[in-house]
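The values are calculated or read from the model by the stated rules, or taken from the named source; none is laboratory data. From a predicted model like this one, the values you see are computed outputs, not experimental measurements. Cβ coordinates were reconstructed from backbone atoms using ideal geometry, including for glycine residues, and neighbour counts include every protein chain displayed. In case anyone asks, the SASA skips ligands and DNA or RNA and just uses the protein heavy atoms, side chains included. Shrake-Rupley method; radii C 1.70, N 1.55, O 1.52, S 1.80 Å.
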Amino acid sequence: MAVSANESYDALRAAIVRGEIAPDARLVEADVSATFGMSRGAVRTALIRLEQDGLVVREPHRGARVRKVSDAEAVEILQARAVLEGLAARQAAERIDAAGKRYLSACLARQRELLELGDLLGASDANADLHAALLELSGHGTAQRLIRALHSQTVRYQYRTILIPGRSAASAEEHTAIVDAVIGGRPEDADDAMRHHLFNVAQAVRHRLIPGGIDTASRGVL
């Protein structure tokens, strides 16, 4: 069954976002074409789109490479996300229904369960589900679009802040405060709790509490 150009583009983009293609890796047209089943023309179009998304850098006479995000830029992205995700949490608190409350509670319970089992990386991934759920429950289309665009810049690094001594307990407390405020229908508290959480993550990156910085951080979530 033939793969469409859009499906091939999505597969290439996902490989970059997930970190399967490393930062600074060169994207040779012939290799991309063979790996993702794209024509050379489709590859060139895809690289232009990826450059517009901030995932790829194209240089004259040198070709394209996966864009590298610095610690300083990552801090700025996290700060921007704090404001936008605070808005999303506020909106979620204003419109959440019974089903949404059950889902958020289940996400939080899963994170706690994994922490109790000592599975810090699993708990980190559970946090990703919680952030995604809050964004979806917000119903704020513009915030969703902007947050996803920002997230795609750093998802392939997603700092394992939860591995920092003492951070797992802090993360659990921060996410509990967010969920409690949203479920309790307290928009302002939900906004404040989300900002507090993501600004704390930004501070961890700013003070280089992640060993080796952004480029050696493994896959995971905040």
**Request:** Inspect all residues belonging to segment 95-108 and state whether any of them is within 25 Å of Arg145 (Cβ to Cβ) and touching a Lys or Arg at 6+ places or on another chain (Cβ under 8 Å).
**Result:** no
**Request:** Only one of these is among the small types (Gly, Ala, Ser) and not in a helix (DSSP H, G or I): Gly54, Gly100. Name it.
**Result:** Gly54
**Request:** Hey, could you check segment 145-165 for residues that are of a type outside the set (A, V, I, L, M, F, W, C) and modelled with pLDDT under 75 and say which is most open to solvent (accessible area, probe 1.4 Å)?
**Result:** Pro165
**Asked** Inside segment 46-65, can you point out the residues that are in contact with a helix residue (DSSP H, G or I) (Cβ under 8 Å, 6 or more places away or on another chain) and surrounded by fewer than 20 Cβ atoms within 10 Å (Cβ to Cβ)?
**Response** Arg49, Asp53, Gly54, Val57, Arg58, Gly63
**Request:** Would you mind stating whether Ala132 is free of Cβ contacts under 8 Å to residues at least 12 places away in the same chain, within 16 Å of the chain's Cα centre (by Cα) and surrounded by fewer than 18 Cβ atoms within 10 Å (Cβ to Cβ)?
**Result:** yes
**Complete:** Restricted to segment 78-101 and to residues being among the acidic types (Asp, Glu) and in contact (Cβ under 8 Å) with a residue 60 or more places away in the chain, the residue most open to solvent (accessible area, probe 1.4 Å) is Glu94
**Contacts under 7 angstrom Cβ, first residue in segment 9-22 being without any contact (Cβ under 8 Å) to a residue 40 or more places away in the chain, partner in a helix (DSSP H, G or I) and among the aliphatic types (A, V, I, L, M), 6 or more apart** = Leu12/Val32; Leu12/Ala46
**Request:** Kindly list the number of the only condition in (1) in a helix (DSSP H, G or I); (2) under 17 Å from the mean Cα position of the chain (by Cα); (3) modelled with pLDDT under 90 that fails for Ser168.
**Result:** (2)
**Request:** Report, by residue number, each residue of segment 102-129 that is open to solvent by less than 40 Å² (accessible area, probe 1.4 Å) and of a type in the set (Gly, Ala, Ser).
**Result:** Gly122, Ala123, Ser124, Ala126, Ala128
